Amino acid sequence: KDLKEIETHYRVIYRMGSSTPTSEILTKRKPNSKKPLLEINTPQSCVLSNDKIKMKRRFTHAKLPTAEWFTVKSVDSGKQKVAHWLTKWKSIIVKHKHSSKGNGIYLIENIDDYDKFIQAAERPIVEYIFERYYTYSREYRLHITKDGCFFANRKMLKEDAEVRWH
């Protein structure tokens, strides 16, 4: 809402993860606007940023701070890796590479949790990322361009949320 209320001399398209084509957006919303167009993020950039595995690889390559993580190639190799990292990390959070809003996220605190995850997982194991779980009381989302951060917000559970892990 805050971003929508800023007045500019441009018609601005800022996608919050949507890969809707620009032409489709322009025909639905004030197609005859005379303002020049400023597109902050393209549909292609949203597709890229929505893939957690690709982004983790980019963060690691760029030496950006991020939670420790790994991927696995098979259920058996995953069990071995999970068992190894549980001895060091205590808890592992598993996310589908395209999860959002808490969907496709699992918490593993012991090897039995891994077996439960395998039974519940709706996608192949290679499509999940395993991260060290930190019990931070606050989580933030930053929106950045090559020029720096332009929007930040705190992620929170709804007050009436009963389920935190799926």
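Of all the residues that make up the range 49-79, how many are within 16 Å of Ile93 (Cβ to Cβ), of a type outside the set (S, T, N, Q) and touching a helix residue (DSSP H, G or I) at 6+ places or on another chain (Cβ under 7 Å)? Here the count works out to 5. Within the range 8-48, being open to solvent by 60 Å² or more (accessible area, probe 1.4 Å), in contact with a helix residue (DSSP H, G or I) (Cβ under 8 Å, 6 or more places away or on another chain) and among the polar types (S, T, N, Q) holds for one residue alone: Ser19.
For the range 40-69, how many residues are modelled with pLDDT under 85 and of a type in the set (Asp, Glu)? The total comes to 0.
Taking the range 70-113 only, how many residues are of a type in the set (Ser, Thr, Tyr) and modelled with pLDDT under 95? Lay out the reasoning, then the answer.
Looking only at the range 70-113, we keep the residues that are of a type in the set (Ser, Thr, Tyr), and these are 71, 74, 77, 87, 91, 99-100, 106.
Retained after the next criterion (residues that are modelled with pLDDT under 95): 77, 99-100, 106.
Qualifying residue count, the range 70-113: 4.
Pairs linking a residue in the range 87-108 that is assigned to a strand (DSSP E or B) to a residue that is surrounded by fewer than 14 Cβ atoms within 10 Å (Cβ to Cβ), with Cβ atoms under 6 Å and 6 or more positions apart or on different chains, are His96/Arg123; Ile105/His166; Leu107/Trp165. Of the residues making up the range 136-149, those that are without any contact (Cβ under 8 Å) to a residue 40 or more places away in the chain and either more than 13 Å from the chain's Cα centre (by Cα) or not in a strand (DSSP E or B) (or both) are Tyr136, Ser137, Arg138, Ile144, Lys146, Asp147, Gly148, Cys149. Before we move on, is Ile53 part of a helix (DSSP H, G or I), in contact (Cβ under 8 Å) with a residue 12 or more places away in the chain and open to solvent by 40 Å² or more (accessible area, probe 1.4 Å)? Considered against the rule, which asks whether it is part of a helix (DSSP H, G or I), in contact (Cβ under 8 Å) with a residue 12 or more places away in the chain and open to solvent by 40 Å² or more (accessible area, probe 1.4 Å), Ile53 comes out as no.
Quick grid of which residues meet (1) within 22 Å of Asn50 (Cβ to Cβ); (2) of a type in the set (S, T, N, Q); (3) open to solvent by less than 40 Å² (accessible area, probe 1.4 Å); (4) in contact with a Ser or Thr (Cβ under 9 Å, 6 or more places away or on another chain):
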residue	(1), (2), (3), (4)
Thr71	yes, yes, yes, no
Asn110	no, yes, no, no
Arg123	yes, no, no, no
Ser137	no, yes, no, no
Arg154	yes, no, no, no
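Condition check ((1) hydrophobic (A, V, I, L, M, F, W, C); (2) closer than 21 Å to Phe59 by Cα; (3) at pLDDT below 75) across all residues:
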{"residue": "Val126", "(1), (2), (3)": "yes, yes, no"}
{"residue": "Arg132", "(1), (2), (3)": "no, yes, no"}
{"residue": "Tyr140", "(1), (2), (3)": "no, yes, no"}
{"residue": "Ala152", "(1), (2), (3)": "yes, yes, no"}
{"residue": "Trp165", "(1), (2), (3)": "yes, no, yes"}
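Each row is one residue, and each column tells you yes or no for (1) closer than 20 Å to Ala121 by Cα; (2) of a type outside the set (A, V, I, L, M); (3) in contact (Cβ under 8 Å) with a residue 60 or more places away in the chain.
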| position | (1), (2), (3) |
| --- | --- |
| Glu24 | no, yes, no |
| Thr27 | no, yes, no |
| Glu39 | no, yes, no |
| Cys46 | no, yes, no |
| Ser49 | no, yes, no |
| Arg57 | no, yes, no |
| Gly78 | yes, yes, no |
| Val82 | yes, no, no |
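Annotation: Lys35 fulfils all but one of (1) out of contact with any Lys or Arg (no Cβ under 8 Å at 6 or more places or on another chain); (2) of a type in the set (Lys, Arg); (3) in a loop (DSSP other than H, G, I, E, B); the unmet one is (1).
The values are calculated or read from the model by the stated rules, or taken from the named source; none is laboratory data. The shown structure was predicted, so the numbers you read here are calculated from the model rather than taken from an experiment. Here the Cβ is made from the backbone with ideal geometry for all residues, glycine too, and neighbour counts use every protein chain on show. Please note that ligands, DNA and RNA were not included when accessible areas were found on the heavy atoms of the full protein model with its side chains. Shrake-Rupley method; radii C 1.70, N 1.55, O 1.52, S 1.80 Å.
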